[in-house]
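J.: Let me begin by handing over the structure; questions about it come next.
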Amino acid sequence: MKAQARSKTPVKAKIGPNNGNFDGVEKINSALEKWILPIDQIKPDPKNPRTHPPRNLEAIKNSLNTFGQQTPIVVTKDKITIKGNGTYEAALSLGWRKIAAIPTDLANKKLLTGYKVADNKTGDLADWDYQILAEEIKEFVDLDWKGLGWEQWELEPMLGADWAPPEIKEGESSGVDMVSIKVTADQKAIIDQGIEKCRSQSDQPEMSEGRALELIVGDYLSG
């Protein structure tokens, strides 16, 4: 569904860091109590392949302040963090003295390395349903979505979009003739890569496949 931006109303933020319903410095889900450790016993992963730039860490800090720690980090038997290095670093910077951490039962370096890489990569492979996301953000617009990692330019198109499909009366067509083409699996994979690259370069993640192909072919023809 093509979304048409129609508003640039700023997203207001009333609830944010330090305004959650928690007491004390550490804001940890009580269900994680058995896994709470002194944070000075935990060590960061010296070979963590995942980086945490300032925007990311600030979002994690604001999340911890607003919602508390709802999931534990994962550590080795030597208390080295293999999942949740960003959470650990953010908690340290907030002055936390404790953190919930569960020990992994993975026993060798190959499995530990595979797990920490796979855990991050599987998250990268997820995607957003922007219509549902926009509905959720609109319902709770007073949350500090900007503090939780979203930039204003990311929020405005979603919140100003018209997600409703056009009404088509019975017997009428949409005015667009749809066609199909046959491609091999390998060709489809290349086409999908091109479409995703076109969406990324255009900063239009909701762009339809047809529009992306139109731009790609147009660029080829003009070259």
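The values are calculated or read from the model by the stated rules, or taken from the named source; none is laboratory data. Because the structure is a prediction, the values reported are computed rather than measured. All Cβ positions, glycine included, derive from the backbone under ideal geometry; neighbour counts span all protein chains shown.
Okay, residues lined up against (1) modelled with pLDDT under 80; (2) in the same structural domain as Glu135 (by TED's automatic domain parsing):
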residue: Leu155; (1), (2): no, yes
residue: Val183; (1), (2): yes, no
residue: Ile195; (1), (2): no, no
residue: Gln201; (1), (2): no, no
residue: Pro205; (1), (2): no, no
residue: Glu209; (1), (2): no, no
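J.: Next up: What's the total number of residues in the range 123-144 that are in a loop (DSSP other than H, G, I, E, B), touching a strand residue (DSSP E or B) at 6+ places or on another chain (Cβ under 9 Å) and under 10 Å from Met158 (Cβ atoms)?
T.: Result for the range 123-144: 0.
J.: Pick from the range 67-110 the residues that are assigned to a loop (DSSP other than H, G, I, E, B) and touching a residue at least 60 places away in the same chain (Cβ under 8 Å): which of them is surrounded by the most Cβ atoms within 10 Å (Cβ to Cβ)?
T.: Only one residue fits best here, namely Trp96.
J.: For the range 27-50, which residues satisfy the criterion of being part of a strand (DSSP E or B) and farther than 19 Å from Asp78 by Cβ?
T.: Result: Ile28, single match.
J.: Of Ala91, Ala107, which residue is out of contact with any helix residue (DSSP H, G or I) (no Cβ under 9 Å at 6 or more places or on another chain) and either on the phi > 0 side of the Ramachandran plot or aliphatic (A, V, I, L, M) (or both)?
T.: Every option except Ala107 fails the conditions.
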